[in-house]
Structure formats: structure tokens, C-alpha cells
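A quick write-up on the structure given underneath.
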């Protein structure tokens, strides 16, 4: 926990940005009947029946101090999928960065070895050398700012809606990210190591002198 909090306390450095990532599975659902559009007197009316259209996974990348959010969607969330998403991020958004500091949970797909399964050894090594890994502790995923952003996106864009295709999900989530990036400049993280030691002192070991 303190390792992640220390990362969040560092000043902004565009050459070594702090990136948080998280992912979320979603069930794709199609309509069995065409919804009736909203009118001045009635909201949109949707039939309660639906049909399953497979699953997808939403990947959320956020740079808290720069106020950037990048959302992508893939059919699965395997090691290969994660490695490809990370490589694309480094190649495009952060091509000029010396390295990135990555905060993520310790899911077994979020490993250095994933890059060696997706790319040649030479390229995998090049990618790994540009990533400094910092994992949130078990039961401490709330420390991941990307999880907070993913929760906000879910409530504002995905909740109570049906997406029959990945294409539609991509369009809607990327539109959300674009709008949010324009209106919100950054994340003001207030929880520090000092506050953690005071508010969460029960989780620290008791030292007997």
C-alpha cells in the first residue's frame, strides 16, 4: 500500500509518467425487439427480454496527473490481450516517454512474461525495460485510480444499457473518455502514507518493544 501511495505523491514528470490500468468484463446483450424512441411524454421504452451476444473486456488506462483516460475493448482479457494493449500504449501515447510507472493489480495476466508470449524476445525485452511495475496489495484494489475511473465510466456510460456488439461498446466508451478528458484535467489524490498510518493503523503489525 505504501509503495503505491509513494508513487502517487511524486511530482508530474512527462518523461516518466505514472499510468494506472484496470480491466472489466462485460456481457454483450442484444435486443429481441426494437426499442421505442423517447417522446416528450415518455422515455425510451425497452423490452425486458434480451439475447446474449457473447462477452468482452474493457481496458482502462489513466494518467492521473495529466488527466488522460484511454479506453479500449477486446473480446477477451488474456495475457496476450493485455500485452498487446500495453505495447500499443507505449508505441503511441507514450512513444516519447523514457519509461512509464505502471500501477495495476497483481492479476496473473499482468506480468513481464506476458510480453514474451505475445512478441519476440527482443521486442519483449525492449518493452519490459520501459515499464516499472507497482502492484496494489491483495484486497487493496481501491488504491488503483484506474479502478475508480472504470467505476465512474460504468455508472455514467455502461450501467443499465445493452450493447450487442463490441463496435458499439467501443464507440460509446471512447466517446465517454474523450468528453471526460476535455472537462476533467486531473485526479486530485489526497490519501497519503501519513494518513494511511493513522486511519488504517489496525492493519499494521503491532511491534512489541
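The values are calculated or read from the model by the stated rules, or taken from the named source; none is laboratory data. These figures come from a predicted structure and were not determined experimentally. All Cβ positions, glycine included, derive from the backbone under ideal geometry; neighbour counts span all protein chains shown.
When residue 17 is tested against (1) exposed (fewer than 12 other Cβ atoms within 10 Å of the Cβ); (2) under 30 Å from residue 198 (Cα atoms), exactly one condition is not met: (1). Restricting attention to segment 157-180, the residues that are within 17 Å of the chain's Cα centre (by Cα) and more than 19 Å from residue 57 (Cβ to Cβ) total 3. Could you go through segment 191-209 and let me know if any residue there is assigned to a helix (DSSP H, G or I), touching a helix residue (DSSP H, G or I) at 6+ places or on another chain (Cβ under 9 Å) and under 21 Å from residue 61 (Cα atoms). No - not one qualifying residue is present in segment 191-209. Might you check whether a residue that is over 15 Å from the mean Cα position of the chain (by Cα) and either without any contact (Cβ under 8 Å) to a residue 40 or more places away in the chain or assigned to a loop (DSSP other than H, G, I, E, B) (or both) occurs anywhere in segment 16-25? Yes, some residue in segment 16-25 is over 15 Å from the mean Cα position of the chain (by Cα) and either without any contact (Cβ under 8 Å) to a residue 40 or more places away in the chain or assigned to a loop (DSSP other than H, G, I, E, B) (or both). Taking (1) modelled with pLDDT under 95; (2) part of a helix (DSSP H, G or I); (3) touching a helix residue (DSSP H, G or I) at 6+ places or on another chain (Cβ under 9 Å); (4) surrounded by 17 or more Cβ atoms within 10 Å (Cβ to Cβ) in turn, residue 163 satisfies each apart from (2). Per the listing 183, 123, the residue uniquely modelled with pLDDT under 90, surrounded by fewer than 18 Cβ atoms within 10 Å (Cβ to Cβ) and more than 21 Å from residue 58 (Cα to Cα) is 183.
One residue alone among 172, 122 is out of contact with any helix residue (DSSP H, G or I) (no Cβ under 8 Å at 6 or more places or on another chain), without any contact (Cβ under 8 Å) to a residue 40 or more places away in the chain, within 23 Å of residue 84 (Cα to Cα) and assigned to a helix (DSSP H, G or I), and that residue is 122. Please count how many residues of segment 84-120 are farther than 19 Å from residue 141 by Cβ and surrounded by fewer than 16 Cβ atoms within 10 Å (Cβ to Cβ). Selection size over segment 84-120: 11.
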